[in-house]
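A.B. asks: Sharing a structure below in structure tokens format, with a few things to ask.
The values are calculated or read from the model by the stated rules, or taken from the named source; none is laboratory data. Note that the structure is predicted; figures quoted are calculated from it, not measured. Positions of Cβ are backbone-derived with ideal geometry, glycine not excepted, and every protein chain shown enters the neighbour counts. Note: areas computed on protein heavy atoms with side chains; ligands, DNA, RNA excluded. Shrake-Rupley method; radii C 1.70, N 1.55, O 1.52, S 1.80 Å.
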Amino acid sequence: MIRHVVAWKLKTADPAERAEQAQKIATDLMALRGIVPSIIDISVGPDVVGGGNWDVALVADFADQAGLDAYQTHPDHQAVVGYVRSVVGDRVAVDFEV
């Protein structure tokens, strides 16, 4: 199984705007459960501690690399990616076997 982990730092310095954007990213990505067949499990959420490192994170599991690739290229995922790219200033990701 492949675990896909991503964290984003939003561009905005405004706390209310940051919270709204982080929640929209989480909501939109979670909505892909049941739409993108290759998702085995997915968790997404905004930072609740406020440590200032990253604003929102995703952890998603896929059976294999082909499943991850199918997720990455799925049209509904790509629609979410468009919004994410418009509000994100930085991104970090890692994919590993579990």
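A.B. asks: If I compute percent of Cα pairs over 24 Å apart from the structure I just sent, which labelled value in (i) 19; (ii) 53; (iii) 13 lines up?
C.D. replies: (i)
A.B. asks: Where does helix 15-30 land angle-wise versus the long Cα axis of the chain, in degrees 0 to 90, nearest 10?
C.D. replies: Tilt of helix 15-30: around 10 degrees.
A.B. asks: Ok, one more. Measuring from label point to label point, each 7 Å out along Cα→Cβ, what is the Tyr83 to Lys11 span in nm?
C.D. replies: Here the answer is 1.6 nm between the modelled labels.
A.B. asks: Where does helix 75-87 land angle-wise versus the long Cα axis of the chain, in degrees 0 to 90, nearest 10?
C.D. replies: Once rounded, one gets 20 degrees.
A.B. asks: Additional query: Quick one: length gained pulling Arg3 to Val94 fully straight, 0.36 nm per residue minus the C-alpha distance?
C.D. replies: Stretched out fully, the Arg3 to Val94 stretch lengthens by 31.9 nm.
A.B. asks: Got a sec? What order do Trp8, Trp54 fall in by accessible area at 1.4 Å, biggest, i.e. largest, first?
C.D. replies: Details: Trp8 20, Trp54 85 Å².
From most exposed to least exposed: Trp54, Trp8.
A.B. asks: Per residue, how much accessible surface does the chain expose to a 1.4 Å probe? Answer in Å², no decimals.
C.D. replies: 56
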